[in-house]
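**Student:** Sharing a structure with you now.
The values are calculated or read from the model by the stated rules, or taken from the named source; none is laboratory data. All values reported here derive from a predicted model rather than from experimental measurement. Cβ atoms come from the backbone with ideal geometry, glycine included; neighbour counts cover every protein chain shown.
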Amino acid sequence: MVWRGNLTAIDRFWGGLVYLLPMTQVVVFGVFLFARLPFLRYIFLPILQLAQLLSFPLIEGFIDLYFVLFVCLYALVVRDWRIKHFIRFSTMQSLLLSIGLYLILLVVRLIGATNLFELVPNSLLFYLAELFASTLFIGMNGVCLYAIVQAVRGRYAEMPIISSAAYYQVG
C-alpha cells in the first residue's frame with residue numbers, strides 16, 4: 001500500500017500495539033499447546049495477564065472490557081480523521097481480526113465445546129479440537145506478529161481480505 005506521510009516512532013508503536021487485542025483473544029485456543037509445551041506459558045505470560053484483565057465482566061454475561069475497548073477503538077481511533085491513516089488502518093485491521101475470532105468463539109460455544117479439556121482424551125473429537133485450536137492459535141499469532149513487525153518497520157501489513165476491508169472502512 002502507498003506510504004502516506006511521515007511516520008514517527010510513536011506512530012509505529014501505536015500501529016503495532018493494537019494487534020495485541022486479537023492476540024489476547026486467541027490465547028484461549030492455546031490451551032493444548034500450553035499443556036504440551038509448558039515454556040510457552042512463560043513466553044505468553046504478558047499476553048495471558050492482559051487477556052485476564054480484559055475479560056473482566058462489567059455487566060455479567062453481557063459487557064466486558066473487550067467490548068468497551070472495541071467500541072472505543074472504533075469510535076475514537078478509526079473514525080477520527082485527525083489520527084494518521086497508518087494508525088487508523090492498523091486499528092481497523094486488528095478489529096477485523098478480533099471480529100473473526102469472536103465469531104469463531106461464538107460457533108465453538110454454540111456447538112457446546114465450552115471447555116476443551118472436558119473432551120475425552122485420546123478420542124477423535126479430542127484430536128480434532130486440539131488440531132483446530134492449535135492451528136488457530138499459531139495462525140493468528142503469526143498474523144499478528146507479522147503485522148506488528150510491519151508496523152514497527154513503518155509499512156502497511158498486507159492481508160488478503162482483511163486489508164481490503166480495513167481500507168474500505170478507513171478510506
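**Student:** Please go through region 1-35 and give me each residue that is among the hydrophobic types (A, V, I, L, M, F, W, C), assigned to a loop (DSSP other than H, G, I, E, B) and under 19 Å from LEU97 (Cβ atoms), ordered by number.
**Tutor:** Once the filter is applied, which keeps residues that are among the hydrophobic types (A, V, I, L, M, F, W, C), assigned to a loop (DSSP other than H, G, I, E, B) and under 19 Å from LEU97 (Cβ atoms), region 1-35 yields MET1, VAL18.
**Student:** If you don't mind, there's one more thing I want to ask. Of all residues in region 51-68, which are under 22 Å from CYS144 (Cα atoms) and surrounded by fewer than 16 Cβ atoms within 10 Å (Cβ to Cβ)? Show your work before the answer.
**Tutor:** First, the residues of region 51-68 that are under 22 Å from CYS144 (Cα atoms): 51-55, 65-68.
Those that are under 22 Å from CYS144 (Cα atoms) and surrounded by fewer than 16 Cβ atoms within 10 Å (Cβ to Cβ): GLN52, LEU53, SER55, LEU65, PHE67, VAL68.
**Student:** Here is a further query. Does region 122-132 contain at least one residue that is modelled with pLDDT under 95 and part of a loop (DSSP other than H, G, I, E, B)?
**Tutor:** Yes, the conditions are met somewhere in region 122-132.
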